[in-house]
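Chemist: Pasting a structure here, questions to come.
The values are calculated or read from the model by the stated rules, or taken from the named source; none is laboratory data. Since the model is a prediction, treat every value here as computed from it, not as a measurement. Heads up, the Cβs are rebuilt from the backbone with ideal geometry, glycines too, and the neighbour counts pull from every protein chain shown. To get the accessible areas, we keep the full protein, side chains included, count just its heavy atoms, and leave off ligands, DNA and RNA. Shrake-Rupley method; radii C 1.70, N 1.55, O 1.52, S 1.80 Å.
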Amino acid sequence: MAATGPLPPPPPPAGAVTRFAPSPTGLLHLGHAHSALFGHALARRAGGRFLLRIEDIDASRCRPEYAVAVEEDLTWLGLAWERPVRRQSEHMGDYRAALDRLALRGLLYPCFCTRAEIAREVAAAGHAPHGPEGPPYPGTCRRLSPAEREARLGRGDPHALRLDMAAALAEAAPAGGFSFGELGEGRLAADPAPFGDVVLARKDVPASYHLCVCHDDALQGVTLVTRGEDLKPATALHRLLQALLGWPEPVYAHHPLLVDAAGRRLAKRDGAPSLRSLREGGHGPADVRAMAGFPGRD
Ligand code: GLU
């Protein structure tokens, strides 16, 4: 496996607080190691702090034994982080409170649609524009009458909570539009509108990644968000949530995803080797750090 990941761009802001925030849906692989080492290296360089957060709100996909394995594997790699580790599943009330603040301002509405219904509506609308997470929601449940909404809620129909994007932008968009600071790149424009009415609480999980990640970065005082560049488009939505909820704006450092010798992204579904299998195959921590793009100690 080639070490193709670049080292972090200097210089991080002095005293930066970074974090690695995996979802324990499987064993960590080299791509995760790269991300963790990237965040750790930037915190060390900044003379700052490094946190680990377990993003386990989705009980159907996350397993406690994988969360245990995350800590074992990172320790074996030579990383250390502050304790206690925040586990999102233990704090669902925090996310509910943030949702309530948005709901009180009329920025959320219940959505009763099934995936199939949404797909049918999108298809019927012809060439719907593609948002960062697929076609934006066509707004069916935004147009329900108050009486129908109450009736369905009263019946206990399962529903998600969606952000009314137009209302949210009317309330929070700055005159010049949203932007964020990307380490080494300066300020980048960021438009959340293409996300449309995003889900902030799912039918099966009463919160969403976007809400929880912004909540926790604010709560934990993360000042430098380090993560893979696959999440860079999500930053536009995160800036909107931060503005709506009065949370501070961190600096961002998105790293290119680690690729194999053939240039393919390392992902679990493509059979990327887990750190555990590398270790069991006789590789030491220094070896694996090098494979993950961080030779030597950071
Ligand atoms: N939990 C997310 C993931 O595993 C990462 C969240 C983030 O770094 O913003 O993809």
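Chemist: Which ones in the stretch 221-231 are within 12 Å of the ligand (Cβ to nearest atom) and not β-branched (Val, Ile, Thr)?
Modeler: Residues of the stretch 221-231 that are within 12 Å of the ligand (Cβ to nearest atom), as a first pass: 222, 224-231.
Residues satisfying the conditions are Leu224, Arg227, Gly228, Glu229, Asp230, Leu231.
Chemist: Could I ask something else about it? So which residues in the stretch 15-26 are more than 13 Å from the ligand (Cβ to nearest atom) and either within 18 Å of the chain's Cα centre (by Cα) or part of a strand (DSSP E or B) (or both)?
Modeler: Val17
Chemist: Would you point out which residue out of Ala272, Ala234, Ala261 is more than 11 Å from the ligand (Cβ to nearest atom), touching a residue at least 24 places away in the same chain (Cβ under 8 Å), of a type in the set (Gly, Ala, Ser) and open to solvent by less than 60 Å² (accessible area, probe 1.4 Å)? Before the answer, list the steps.
Modeler: Numbers: Ala234 fails: more than 11 Å from the ligand (Cβ to nearest atom); Ala261 fails: open to solvent by less than 60 Å² (accessible area, probe 1.4 Å).
Checking each option against the conditions leaves just Ala272.
Chemist: Which residues, taken from the stretch 199-217, are more than 13 Å from the ligand (Cβ to nearest atom) and open to solvent by 10 Å² or more (accessible area, probe 1.4 Å)?
Modeler: Val199, Arg202, Lys203, Asp204, Pro206
A quick yes/no check of all residues on (1) within 22 Å of Ser145 (Cα to Cα); (2) outside any loop (DSSP other than H, G, I, E, B); (3) within 21 Å of the chain's Cα centre (by Cα); (4) free of Cβ contacts under 8 Å to residues at least 24 places away in the same chain:
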position: Ala69; (1), (2), (3), (4): no, yes, yes, no
position: Pro84; (1), (2), (3), (4): no, no, yes, yes
position: Asp94; (1), (2), (3), (4): no, yes, yes, no
position: Ala97; (1), (2), (3), (4): no, yes, yes, yes
position: Leu102; (1), (2), (3), (4): yes, yes, yes, no
position: Pro110; (1), (2), (3), (4): yes, yes, no, no
position: Glu117; (1), (2), (3), (4): yes, yes, no, yes
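Chemist: Regarding Ala261, is this residue under 24 Å from Glu229 (Cβ atoms) and in a loop (DSSP other than H, G, I, E, B)? Lay out the reasoning, then the answer.
Modeler: Working: under 24 Å from Glu229 (Cβ atoms): yes; in a loop (DSSP other than H, G, I, E, B): yes.
Against the criterion (under 24 Å from Glu229 (Cβ atoms) and in a loop (DSSP other than H, G, I, E, B)), Ala261 qualifies.
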